[in-house]
1. Of the numbered conditions (1) free of Cβ contacts under 8 Å to residues at least 60 places away in the same chain; (2) more than 30 Å from GLU6 (Cα to Cα); (3) in contact with a helix residue (DSSP H, G or I) (Cβ under 6 Å, 6 or more places away or on another chain), THR74 fails exactly one; give the number of that condition.
2. For segment 28-39, name all the residues that are among the hydrophobic types (A, V, I, L, M, F, W, C) and buried (at least 19 other Cβ atoms within 10 Å of the Cβ).
3. Across segment 119-149, what is the number of residues that are assigned to a loop (DSSP other than H, G, I, E, B) and more than 14 Å from LEU174 (Cβ to Cβ)?
4. How many residues, within segment 155-176, are in a loop (DSSP other than H, G, I, E, B) and surrounded by 18 or more Cβ atoms within 10 Å (Cβ to Cβ)?
5. Against the definition (surrounded by fewer than 22 Cβ atoms within 10 Å (Cβ to Cβ), within 29 Å of GLU190 (Cα to Cα) and at pLDDT below 95), how does GLY117 come out, yes or no?
6. Considering every residue within segment 136-150, establish whether at least one is of a type in the set (Phe, Trp, Tyr), touching a strand residue (DSSP E or B) at 6+ places or on another chain (Cβ under 9 Å) and closer than 22 Å to ARG17 by Cβ.
7. Count, please, the residues in segment 36-65 that happen to be in contact with an Asp or Glu (Cβ under 9 Å, 6 or more places away or on another chain) and more than 20 Å from ARG79 (Cα to Cα).
8. Do any helices (runs of 4 or more DSSP H) entirely within segment 19-72 hold 1 or more residues that are more than 20 Å from VAL91 (Cα to Cα) and of a type in the set (Gly, Ala, Ser), and if so, which?
Amino acid sequence: MDIASEKAALRQAVGRRSALLSPNYRQRASAAICKRLLALPELLAAPAVFGFFPTPGEPDITPVLEALLAQGRTLTLPRCLSSGVMEARQVERLAGLCPGKYGIPEPGPEHPLLPWGMLSFAILPCVTADRQGGRLGHGGGYYDRFLAWAPPDLNAAVVCFSALLAEKVPMGPLDIPIPLTITEEGTWREGALV
């Protein structure tokens, strides 16, 4: 089986597992993930953060986004452009975002554009991840391109419910490992629990 087929099969398997997660589990796990994120030294030291607006199936990190805004830090969210391309747009509040290409709230063109090189930390969504830094998205390539364009010293964390972790995410030559994997049960730095 090739990498693309392995990834497609894993997305389907995780999708079935995700459909079984209760709202109570998602809420409790999201709160624990937010607590871990807000305690990360890399995030605490980051003046400019790239986040994401969570969809119903993803950990709800809006408390982290709100905390960053309340602290006066620069917060950017993705604005999806053409196929597989997004940009980082600065937001000053989460209210007033408009549904984008996939129905996910995102900043509009009136929000200031922040060059990738100015970002110091990124919080990334996933369909699934593993503890060694592997991340599997929905297959659109948006975050893969972001990671390819981001500065090499960018600190990044992928957030995932423990119930959706994979033992090993198939990685191709263009896939970039993420330094930190955060679940409600722990934080892993390149495979080691920290």
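1. The number of the failed condition is (3).
2. The initial filter retains those residues of segment 28-39 that are among the hydrophobic types (A, V, I, L, M, F, W, C), namely 29, 31-34, 37-39.
Hits for segment 28-39 are ALA29, ILE33, CYS34, LEU37.
3. Taking segment 119-149 first, the residues assigned to a loop (DSSP other than H, G, I, E, B) are 119-120, 125-127, 130-134, 137-141.
Applying the additional criterion that residues be more than 14 Å from LEU174 (Cβ to Cβ) yields 119-120, 125-127, 130-133, 138.
Of the residues in segment 119-149, 10 are assigned to a loop (DSSP other than H, G, I, E, B) and more than 14 Å from LEU174 (Cβ to Cβ).
4. Of all residues in segment 155-176, those in a loop (DSSP other than H, G, I, E, B) come to 160-161, 165-176.
Add one more test, that the residue is surrounded by 18 or more Cβ atoms within 10 Å (Cβ to Cβ), and what stays is 160-161, 165-166, 169-171, 175.
Counting residues in segment 155-176 that are in a loop (DSSP other than H, G, I, E, B) and surrounded by 18 or more Cβ atoms within 10 Å (Cβ to Cβ) gives 8.
5. The answer is yes for GLY117.
6. Step one: filter segment 136-150 for residues of a type in the set (Phe, Trp, Tyr), giving 142-143, 146, 149.
Then drop every residue that is not touching a strand residue (DSSP E or B) at 6+ places or on another chain (Cβ under 9 Å), which leaves 142-143, 146.
Subset that is closer than 22 Å to ARG17 by Cβ: 143.
Yes: segment 136-150 contains one or more residues that are of a type in the set (Phe, Trp, Tyr), touching a strand residue (DSSP E or B) at 6+ places or on another chain (Cβ under 9 Å) and closer than 22 Å to ARG17 by Cβ.
7. Narrowing segment 36-65 to residues in contact with an Asp or Glu (Cβ under 9 Å, 6 or more places away or on another chain): 36, 52-54, 59.
After this cut, where a residue has to be more than 20 Å from ARG79 (Cα to Cα) as well, the list is 36.
Total satisfying the criteria: 1.
8. Working: elements: 23-39, 41-44, 62-70.
Correct list: 23-39.
The values are calculated or read from the model by the stated rules, or taken from the named source; none is laboratory data. The shown structure was predicted, so the numbers you read here are calculated from the model rather than taken from an experiment. Here the Cβ is made from the backbone with ideal geometry for all residues, glycine too, and neighbour counts use every protein chain on show.
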